[in-house]
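Below is one structure; the comments refer to it alone.
The values are calculated or read from the model by the stated rules, or taken from the named source; none is laboratory data. Given the structure is predicted, the values throughout are model-derived calculations rather than measurements. Using ideal geometry, Cβ is built from the backbone for each residue, glycine included, and neighbour counts are taken over all protein chains shown.
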Amino acid sequence: MANTRISAGSTVRLLWAALRALIVLSVVTGVIYPLVVTGVAQAAFHGKANGSEIKDRGKVVGSTSIGQTYDLPLKKGQQTAAPDLHWFQPRPSFGLGSNRANGMNTRYDLLVSGATNLAGDNTDLISRVKDLKAAVVKDNTVPGYTVRPSQVPPDAVTSSGSGLDPDISPAYADLQVHRVAQVNHLSVARVQKIVDDHTKGRVLGFVGDPRVNVLQLNIAVKDLVAARTG
């Protein structure tokens, strides 16, 4: 009988110790730690902690970390929206999902983001790249400025690993300058200047490649058009 009482008492003590440990760890890891991390993030990295938001006239229009499309509204019977050539276009977004008949994700959909995982010698990938290169040449060739296939940079015809890249190379931005200028009735020099102003170099001077954020670039184009029209 005594052994039964001792065993029961030990069990109660163990359960109480386990409960206290659970309460303490829950408070530390579930309350204190998240609050400290959130506080440090808000103080030291406020913009990134809040989604790296991009605002236009006080309204959030996107993020510096997530790309988006600049397309015309779908017409009846269309499966793929045509690009709105008033704006600088981003990288293709092939992704993992299927948003149109040929299986490519062209909507920068977060739920189906990712790479195609197609090998460099895959015939489907080669065909897509050739079609995209032809489209880039056609869309950006305007009177007085002819784009040659050799001028088309890799990021104009290939998606990033995530399929959500918000940036393009300065070479791809430069290639689009004449078309954006003509369609919006702007001077080439003014459009080129905003590309140059929005070009960022390598991180810390040696990490990654120079890049241009497409959304920030297009906001600058919109402001330039608004200033021209008064």
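Worth pointing out:
- Some residue of region 3-23 being among the aromatic types (Phe, Trp, Tyr) and either within 26 Å of Asp174 (Cα to Cα) or within 31 Å of the chain's Cα centre (by Cα) (or both): no
- Considering region 149-160, the residues that are assigned to a loop (DSSP other than H, G, I, E, B) and touching a Phe, Trp or Tyr at 6+ places or on another chain (Cβ under 6 Å) include one that is surrounded by the fewest Cβ atoms within 10 Å (Cβ to Cβ), namely Pro153.
- Of the residues making up region 41-61, those that are outside any helix (DSSP H, G or I) and either surrounded by 10 or more Cβ atoms within 10 Å (Cβ to Cβ) or not assigned by TED's automatic domain parsing to the domain that holds Ile219 (or both) are Phe45, Asn50, Gly51, Ser52, Glu53, Ile54, Lys55, Asp56, Val60, Val61.
- Test: Ala115 is at pLDDT 65 or above, surrounded by 16 or more Cβ atoms within 10 Å (Cβ to Cβ) and under 24 Å from Ile66 (Cα atoms): no
- Within region 114-138, restricting attention to residues that are part of a helix (DSSP H, G or I) and either among the acidic types (Asp, Glu) or not assigned by TED's automatic domain parsing to the domain that holds Gln176 (or both), the residue that is farthest from His86 (Cα to Cα) is Asp124.
- Residue pairs whose Cβ atoms lie under 7 Å apart, sitting 6 or more positions apart in sequence or on different chains, and linking a residue in region 124-137 that is farther than 19 Å from Val180 by Cβ to a partner that is buried (at least 16 other Cβ atoms within 10 Å of the Cβ) and modelled with pLDDT under 90, are Leu125/Thr116; Val129/Thr158.
- Filtered residues of region 43-99 (kept if at pLDDT 85 or above and among the basic types (Lys, Arg)): Lys59, Arg91
- Which listed residue, of Gln78, Gln68, is assigned by TED's automatic domain parsing to the domain that holds Asn140, under 30 Å from Val129 (Cβ atoms) and out of contact with any strand residue (DSSP E or B) (no Cβ under 9 Å at 6 or more places or on another chain): Gln78
- Subset of region 161-183 that is part of a loop (DSSP other than H, G, I, E, B) and crowded, with 19+ Cβ neighbours inside 10 Å - its residue that is modelled with the highest pLDDT: Pro166
Matching residues to (1) at negative phi; (2) out of contact with any Leu (no Cβ under 9 Å at 6 or more places or on another chain); (3) of a type outside the set (A, V, I, L, M):
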| position | (1), (2), (3) |
| --- | --- |
| Gly161 | yes, yes, yes |
| Asp167 | yes, yes, yes |
| Val180 | yes, no, no |
| Asn184 | yes, no, yes |
| Gly208 | no, yes, yes |
| Thr229 | yes, yes, yes |
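- Lone unmet requirement of (1) over 29 Å from Glu53 (Cα atoms); (2) crowded, with 17+ Cβ neighbours inside 10 Å; (3) assigned by TED's automatic domain parsing to the domain that holds Gln68; (4) not charged (D, E, K, R) for Thr141: (2)
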